[in-house]
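The values are calculated or read from the model by the stated rules, or taken from the named source; none is laboratory data. Quick caveat, the model's predicted, so the values are computed rather than measured. Neighbour counts run over all protein chains shown; Cβ positions are idealised from the backbone, glycine included. Each accessible area value is taken on the protein alone, full model and side chains, heavy atoms only, with ligands, DNA and RNA left out. Shrake-Rupley method; radii C 1.70, N 1.55, O 1.52, S 1.80 Å.
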Amino acid sequence: MKLTKRDFLKTGAASLAAIPLGNMALAATSYTSSPKHNLATITQDVKPISIEERQQRIDKAQKLMKQHQLAAMVLEPGPAMDYFTGIQWWRSERLTAVIIPAEGDIAVVCPFFEEPSIRESLKVGDDVRVWQEHESPFALIKQILTDRKITKGQIGFEQSVRYFVLQGLMSLLSTMSHSSADPVTLGCRMYKSVHELQLMHKANEVTLRAYEHVWQQLAEGMSQQEVKQLMHTAQSDLGGSDIWTMALFNQASAYPHGSKQHQVIKNGSIVLMDCGCAVQGYQSDISRTFVFGEPSAKQRKIWATVRQGQQVAFEKAQIGTAAGKVDDAVRAYYQSQGLGPDYTLPGLSHRTGHGIGMQGHEPVNFVHGEQQKLAAGMCFSNEPGVYIPGEFGVRLEDCIYMTDKGPQWFTVPPDSIESPIGKMGPVPV
């Protein structure tokens, strides 16, 4: 029978069980209702980052600080602070900061009344200094530096540190100068350890399993919000956190990050989804494009072109290759298919991929002109979509990580529009 939106909301699910797909991506008129499948967590045995690993990160940062002539480094709450110390906090007008000296123990500055909460997630070090509401946190940081005999040289600021923090501290350090801490923070975070890769692999597994589940629930008349909620719930049930979802239907799929158009699933609809989650703070990012019903010849052609674009990027991403050359290779292939050139539509209007780790978007990117050479431990999204304004878009996105022998998939892209999920790559070792 044909399952409508009303039927879906009433039964809670739809299934493709026992329906041969043949040459159809999704059967638009042959669904039978079935009880919703309950998904169970797959992250219960995941090991968090250890104290020893965080100390090793600090040791590496201190070596890099000496190489780049930084006397100390200042971090605000965010992924970098979490990476080194485990502190998970937010930013407000009240400064919480971590100071990592080139030599000696790290220190934390925070408001007096926040100290117990800060210590809950602090994994490394015990020098926590507090300031009262009428006091200056910058004076505390200066004292920390003085205690470590740091009175000259350069202070490195992580790239997201706010200007009032830099200005407030440097106004007290007349004998010192400041510079970017990016050579240190990126020098650590850009190159993932095996454990980090394993956490990312698990996050990708959560998202891919959720896609498989949601794909089988798609039904005629469903809204974008309903599909997003399905995907959010599935990732949560499987053990993901910090979940995000995007679902674009029909003409709205030609907008890489969506539009305000109200769209519902109908026979022949493109369903473009871009979703992810975190496991122990490490991110997944996967896009899938489905067709509800029988794909048109044009939908098939563009889907296959995008899949080949992914393969072009994967094969170009070799150790020692400049990251920008990956983007160039994809655009050259698309131009050979009558798309583009460059960012012209129909074609690829965004970069081929971005770095990923504790943040969904990190340096370095697969983008024209990027000279950073690929090295083991780097992780990227591979997402060379094609967008046709007024018609539809197709994006397939799978993340890769670099090994000494070249790229490896976290998730292996699907082979065809008829089997649009794909599979997991091997667990990093």
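Quick notes on this one:
- From the list Ser160, Ser179, the lone residue that is open to solvent by less than 60 Å² (accessible area, probe 1.4 Å), closer than 23 Å to Lys63 by Cα, part of a loop (DSSP other than H, G, I, E, B) and among the polar types (S, T, N, Q) is Ser160.
- The range 130-153, residues that are more than 20 Å from Phe164 (Cα to Cα) and either part of a strand (DSSP E or B) or among the β-branched types (Val, Ile, Thr) (or both): Thr146, Ile150, Thr151, Gly153
- Looking only at the range 191-231, and only at residues there that are among the hydroxyl-bearing types (Ser, Thr, Tyr) and in contact with a strand residue (DSSP E or B) (Cβ under 6 Å, 6 or more places away or on another chain), the one that is nearest to Met402 (Cα to Cα): Thr207
- Filtered by the rule that a residue be surrounded by fewer than 20 Cβ atoms within 10 Å (Cβ to Cβ) and not basic (Lys, Arg), the range 141-154 gives Gln143, Thr146, Asp147, Thr151, Gly153, Gln154.
- Residue among Ser179, Ser121, Ser174 that is among the hydroxyl-bearing types (Ser, Thr, Tyr) and over 33 Å from the mean Cα position of the chain (by Cα): Ser174
- Condition check for His257 on (1) of a type outside the set (Gly, Ala, Ser); (2) modelled with pLDDT under 95; (3) over 29 Å from Gln359 (Cβ atoms): one failure, at (3).
- Note on the range 207-288: enclosed strands (runs of 3 or more DSSP E) holding 2 or more residues that are open to solvent by less than 10 Å² (accessible area, probe 1.4 Å) are 247-249, 269-279.
- Among the residues making up the range 313-351, those that are hydrophobic (A, V, I, L, M, F, W, C), open to solvent by less than 30 Å² (accessible area, probe 1.4 Å) and within 22 Å of Pro389 (Cα to Cα) are Val330, Leu339, Leu348.
- Scanning the range 103-126 for residues that are open to solvent by 40 Å² or more (accessible area, probe 1.4 Å) and either in contact (Cβ under 8 Å) with a residue 40 or more places away in the chain or assigned to a loop (DSSP other than H, G, I, E, B) (or both) gives Glu103, Gly104, Asp105, Lys123, Gly125, Asp126.
- Of residues in the range 129-140 being surrounded by 15 or more Cβ atoms within 10 Å (Cβ to Cβ) and touching a helix residue (DSSP H, G or I) at 6+ places or on another chain (Cβ under 6 Å), the one nearest to Tyr83 (Cα to Cα): Arg129
- Across the range 298-328, the qualifying residues are those that are part of a helix (DSSP H, G or I) and of a type in the set (Gly, Ala, Ser), and the one among them that is farthest from the chain's Cα centre (by Cα) is Ala304.
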